[in-house]
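Report on one structure; see the data block that follows.
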Amino acid sequence: MPTEAAHRVAVVGVGLIGRAWAIAFARAGCQVRLWDLDVEANGKAKDFIAIVLEDLAQNDFLNGRRPADVLALVTACYTLEEALDGSGWVQECGPEKIAEKRALFARLDQLTDPDTILASSSSALLPSAISEGLKGKHRCLVVHPINPPYLIPAAEVVPASWTSPEIMKKAEAFLSGIGQVPIMMKKEVDGFIMNRLQAALLEEAFRLVANGYASAEDVDRGIADGLALRWSFIGPFETIDLNAPGGIKDYVERYQAMYSGLFEQMLERVEWDGPVLKDVLESRRRLLPESDLAERQVWRDRRLMRLRTHKSKVDQELSR
């Protein structure tokens, strides 16, 4: 459960990510206050949250709480000051524009108590760029979720060089307490961890299709019905540790030369919006019309729920 100091959370910006964070916080028992420059967005956010809560309840993802009780913890505020009042944690979810984030964080730094943690959901902007020059820059960091955070627990915790170690510890404890899995970075880097790993995979996926080695559909199958089955419960280092008789050192000795050769072939950059986009787009729209995207997102989320349930059950049965 959340610590007493962070029991009240402000979510600033209630688009897709802000609404998802609000669900994750409220499900854990936090009092969540929403604020957005767009006044109408607050009401729409609560309507969205109410719909999602019903689906989560049906799949036992509300920690035993009733949807109405969770929704009651979420309050739409009409001023930023009201949303921030008494909050121990602020989750900023505004547009991915550095000038806007810097201006917003300057206001957050002025309006919040000195001990309040200021976290940005940014997926690409560095925490140092967001908080540079602020009086309270030591309490600023990025907490980047893998969307949606109420189903995918991993969240990257990224410090600037001046972020206090104590703030990092508090952030780790708070996120763990609400059921997230904090991925604690030692220092900032463009793309953080998740997007750098995803970028490497996407670069190769586009390259394979662009050069005529495979279709987009078969590349997707290779991940969904191949590598992702292992990756759903172990990561790349543990994967190779288990894929050689003598463990990871043995794997490196056996296969490093092969991967070194592949690397040279992977240095070619394929523009994603070049000719390859036509092939990928045709493949995706043949399988899924654009009009069905929202329905398929619900399909995805329900399968994520089942997968999380399965993983939790198996972890308990096999003691991880």
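Computed from the coordinates by the stated procedures, all read-outs in this text should not be read as laboratory data. These numbers were taken from a predicted model, which means no experiment stands behind them. Cβ: placed from backbone, ideal geometry, glycine included. Neighbour counts: every protein chain shown.
Taking the convex hull of the alpha carbon positions in the range 4-184 and averaging its projected area over all directions gives 8.8 nm².
Just to confirm the filter: which trypsin sites (Lys or Arg not before Pro) across the range 178-246 are DSSP coil and have at most 15 other Cβ within 10 angstrom of their Cβ? It would help to have the intermediate numbers written out before the result.
Numbers: sites: K186, K187, R196, R207, R221, R230; in loops: K186, K187.
Passing both the DSSP loop test and the Cβ count: K186, K187.
Nothing charged except the Cβ atoms of Lys and Arg (+1) and of Asp and Glu (-1): what's the magnitude of the dipole of the chain about its Cα centre? Round to the nearest 20 debye.
I would put it at about 540 debye.
The calculated 222 nm mean residue ellipticity attributable to helices in the chain amounts to -16000 deg cm²/dmol, summing -39500 (n - 2.57) over DSSP H runs of n ≥ 4 and dividing by all residues.
DSSP beta bridges confined to the range 4-184 are antiparallel in about 20 percent of cases.
Compute the relative contact order of the chain as a whole-number percentage, counting only Cα pairs closer than 8 Å that sit 6 or more residues apart in sequence.
Numbers: 446 pairs, mean separation 43.7, N = 320.
Across the chain, relative contact order equals 14 percent.
Considering only A199, T239, L304, and ranking their Cα positions along the charge dipole of the range 189-320 that arises from unit charges at the beta-carbon of Lys, Arg, Asp and Glu, the one farthest toward the positive end is L304.
Put simply, the range 84-155 fits an ellipsoid with semi-axes of 20, 15, 10 Å; these come from the alpha carbon gyration tensor as the roots of five times its eigenvalues, largest first.
Taking Cα pairs under 8 Å and at least six residues apart, what relative contact order does the range 155-217 come out at, in percent?
Working: 44 pairs, mean separation 21.8, N = 63.
For the range 155-217, the relative contact order is 35 percent.
For the chain, what is the percent of antiparallel DSSP beta bridges, rounded to the nearest 5? Of those bridges, close to 20 percent are antiparallel.
Against the main long axis of the alpha-carbon atoms of the chain, helix 39-58 sits at an angle near 60°. Summary value for the range 194-287: 40 percent relative contact order, contacts being C-alpha pairs under 8 angstrom separated by 6+ residues. Taking the longest Cα principal axis of the chain as reference, the axis of helix 293-318 is set at about 90 degrees.
Among the lysines, which fall within straight-line cross-link reach of K137, defined as a Cα-Cα distance under 25 Å, with same-chain neighbours fewer than 8 residues apart omitted? K137 reaches K97, K101, K169, K170, K186, K187. Close amide H pairs (under 5 Å, H built 1.01 Å from N) link T75 with V32, R33, L34, residues at least 5 positions away or on another chain. Report D for the chain in µm² per second (integer): Stokes-Einstein, Kirkwood Rh on Cα pairs, 20 °C, 1.002 mPa s. After rounding, the answer is 99 µm²/s. Helix 276-287 and the longest principal axis of the C-alpha atoms of the chain enclose an angle of approximately 80°.
Using a cut-off of 15 Å between beta-carbons, work out the net charge of the residues near Y251 (Lys and Arg +1, Asp and Glu -1, Y251 not included). Taking every other residue near Y251 into account, the sum is -1.
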